[in-house]
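Participant: Sharing a structure below in structure tokens format, with a few things to ask.
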Amino acid sequence: MADLSKHLLLVEDEGPLRQAVAEQLTDRGFSVEQAESGEAALARLAEFAFDVIVTDLRLPGIDGSAVVEAAVGRYPDIIAIVVTGYGTVKDAVEAIKRGASDFVNKPFHIDELLHALDSALEQRRLKSENAYLRAQLQERYRFEGVIGKGRAMARVFQLLETVAPTNSTILITGETGTGKEVVARAIHHNSPRRMFRFVALNCTAIPETLLEAELFGHVRGAFTGAVGNRQGRLEQAHKGTFFLDEVGTMSTALQTKLLRVLQEREFERVGDSHTTKVDVRVIAATHNDLARMVADGQFREDLFYRLNVIPVELPPLRERKEDIPLLVQHFLDKFRAEGTGGQARAAMTVAQDAIRRLMAYSWPGNVRQLENAIERAVAMSAGRSQIDVTDLPVEIQQAHEPALPSSVALPEDGLDLDAFIAHVERELIERSLERTGGNKGRAAKLLSLKRTTLVEKLKRFGKAVET
Ligand SMILES: Nc1ncnc2c1ncn2[C@@H]1O[C@H](COP(=O)(O)OP(=O)(O)OP(=O)(O)O)[C@@H](O)[C@H]1O
Ligand SMILES: [Mg+2]
């Protein structure tokens, strides 16, 4: 809950409403001052460095947006929340552009305001306000946090562009560390819901007994320790996106309740008889094979179909090695910027033979493992401007390209040269087609062949060749 020592300036022209909100905020431990107009607010702000300002958007005279702008201009660290009586996203967007952290619609419950304050404070802790606002305002976030240029990721991006703006439920699958969560966030940021919250819940991070309350919230006295009413994550995601991570580990009892949420968009808080409705877009993720779990009777089939409306499969890193140099650069920049002692270091590069090992390795932990390896390498490089093979973890140093030389070793009892060469030829052609996204012209060039020669060879393989 909110920090007890926060000084809050409340700006609202309606006296009784202002008084009521001020009292509730005081009850929650804020030290509240009131201003009945924009002018009065600016005068108070000139004299005192408030931690938080909560302002009505529509005020006679100087309006709330201008108050926010003045407040943030003077105190870049102040948290500004606007209250809008008109519910138009446009006004709220304007206020956010001018520096507000969040907004609540009138009429609001005090918990909504407190929640907005809490998340703003939390965000503040996580990153500098500027970075946060920039991220929020990134109209063209365009899957920017998701790095990948190769064919495998191009397919993923294409799908994401199509489905992000919709309300469809999405099921993201992929091995650990393939970027399921980054992709879920990117979808949210590319959807009309981006002005609202992205709330994540990882089913494995929370003991089964607490998961239900975490998901749906609870009312006072619902179970031992339930001292007050509490919103669950689903409610927190109202109008935004709810990300249900590791959905494959849910108990069947909870699966049933989740199914109802997906069908009806409603549920009850634990211990509550009153039904709560929510408007959320659901994105689920799992590294499990849910279809198999359905077959084994471990996962509800109806829930699977409800979740799997749009399946997004993230390829393992070993199947998109062409993206490794790009990812390496991305993480180098990241860890260099984070640099020791907050000082940005000079540009760093990676020795080409280190890149080769990185590309030869099989990456069971996928992008996360690569990220860790680069973080470690930056530390190991101890100020050198280049990362060398020896800065890499030992298992990666030992990685070998499944290179041709090893496959041309002559077996003890000899081999069939023609068949062997035909096999190598076919494999190289397939790889070059893969690399060029099936473009025969460019694939031929890669192999120093004429396009017609390549097409002929493909025909010989018995491939259906569309020309
Ligand atoms: N395409 C990508 N571009 C940039 N960073 C990525 C990409 N994919 C993953 N990452 C980074 O790798 C790490 C792991 O990603 P994330 O947490 O999204 O994986 P995950 O699939 O949810 O893994 P898990 O199943 O273990 O939860 C994160 O730090 C993330 O920023
Ligand atoms: Mg994850």
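Participant: Modelled label-to-label distance, residue 90 and residue 159, 7 Å Cα→beta-carbon offset: nm?
Facilitator: The two pseudo-label positions are separated by 3.7 nm.
Participant: In whole Hz, with x marking every Gly and Pro, tabulate ³J(HN,Hα) for region 385-399 from phi via Karplus 6.51 cos²θ - 1.76 cosθ + 1.60, θ = phi - 60°.
Facilitator: With coefficients 6.51, -1.76 and 1.60, one gets 8, 10, 8, 10, 3, 5, 7, 8, x, 4, 5, 7, 4, 8, 5 Hz.
Participant: Going by C-beta contacts inside 10 Å, put 359, 250 in order with the fewest on the left.
Facilitator: Ranking 359, 250 by Cβ neighbours within 10 Å, fewest first, gives 359, 250.
Participant: Placing +1 at every Lys and Arg Cβ and -1 at every Asp and Glu Cβ, with all other atoms neutral, what dipole size does the chain have around its Cα centre, in debye to the nearest 20?
Facilitator: So the dipole magnitude of the chain works out to roughly 1640 debye.
Participant: Another one. Rounded to the nearest 500, what is the 222 nm mean residue ellipticity of the chain from helices alone, with -39500 (n - 2.57) per DSSP H run of 4+ residues and division by all residues?
Facilitator: Theoretical 222 nm ellipticity from helices: -13500 deg cm²/dmol.
Participant: Given a Förster distance of 51 angstrom, what is the FRET efficiency for residue 14 paired with residue 287, based on the Cβ-Cβ distance and rounded to 0.05?
Facilitator: 0.50
Participant: Here is a further query. Given a cut-off of 32 Å, name the pairs among 90/149; 149/277; 6/97; 97/334; 239/321 whose C-alpha atoms lie farther apart than that in the structure shown.
Facilitator: The pairs that break the limit, which is 32 Å between Cα atoms, are 90/149; 149/277; 239/321.
Participant: Sticking with this one: Normalised by the residues of the chain, what does the relative contact order come to in percent, with Cα pairs under 8 Å and at least six apart?
Facilitator: 10
Participant: Applying 1/(1 + (r/R0)^6) with R0 = 41 Å to the Cβ-Cβ distance of residue 349 and residue 74, what FRET efficiency is obtained, to the nearest 0.05?
Facilitator: Result of the calculation: an efficiency of 0.45.
Participant: By how many nm would the segment from residue 47 to residue 264 lengthen if fully extended, with 0.36 nm per residue of separation less the alpha-carbon distance?
Facilitator: Length difference between fully extended and current span is 73.0 nm.
Participant: Moving to a separate point now. Taking residue 459 as the anchor, which lysines have their alpha carbon closer than 23 Å to its alpha carbon, excluding any fewer than eight residues away along the same chain?
Facilitator: 440, 445, 450
Participant: Would you work out the Kirkwood radius for the chain? I mean one over the mean of 1/r across all pairs of different Cα atoms, in Å.
Facilitator: After inverting the mean inverse Cα-Cα distance, the result is 26.2 Å.
Participant: Something else now. Treat each spin label as a single point 7 Å out from the Cα along the C-beta direction, and report the residue 388 to residue 326 distance in nm.
Facilitator: Result: 3.1 nm between the two label points.
Participant: Could you name the aspartates and glutamates in cross-link range of residue 257, using Cα to Cα under 17 Å and dropping any fewer than eight places away on the same chain?
Facilitator: Output for residue 257: 208, 212, 214, 235, 245, 246, 266, 268, 272, 279, 301, 302.
Only the coordinates and a few stated rules stand behind these numbers; no lab work does. Just so it is clear, the structure is predicted and the values come from calculations on it, not from any experiment. Positions of Cβ are generated from backbone atoms using ideal geometry, with glycine treated the same way; all protein chains shown enter the neighbour counts.
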